[in-house]
Amino acid sequence: MQHAKNRRQRATARAIPFPAREVVILTFLMALAALLTGCNTVEGAGQDVRAGGRAIERTVD
């Protein structure tokens, strides 16, 4: 029973070649970093728009 389980685990481990797994992991980490950076950028842009709106309000008053 244990022998069959080990054979399945080894077959699963070989399903994706080692370099391909590295590429998938690296791509995922790069996408995650881009998303986290994008969130910060959008927040900064929102603050800039808010500051612009305040300046316009002050000019109107």
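Got at least one residue in region 1-8 being at pLDDT below 70, of a type outside the set (A, V, I, L, M), part of a helix (DSSP H, G or I) and open to solvent by less than 90 Å² (accessible area, probe 1.4 Å)?
yes
Out of (1) over 16 Å from the mean Cα position of the chain (by Cα); (2) at pLDDT 80 or above; (3) open to solvent by 100 Å² or more (accessible area, probe 1.4 Å), what's the single condition that is false for Phe28?
Just one mismatch for Phe28, condition (1).
The values are calculated or read from the model by the stated rules, or taken from the named source; none is laboratory data. Note that the structure is predicted; figures quoted are calculated from it, not measured. Each accessible area value is taken on the protein alone, full model and side chains, heavy atoms only, with ligands, DNA and RNA left out. Shrake-Rupley method; radii C 1.70, N 1.55, O 1.52, S 1.80 Å.
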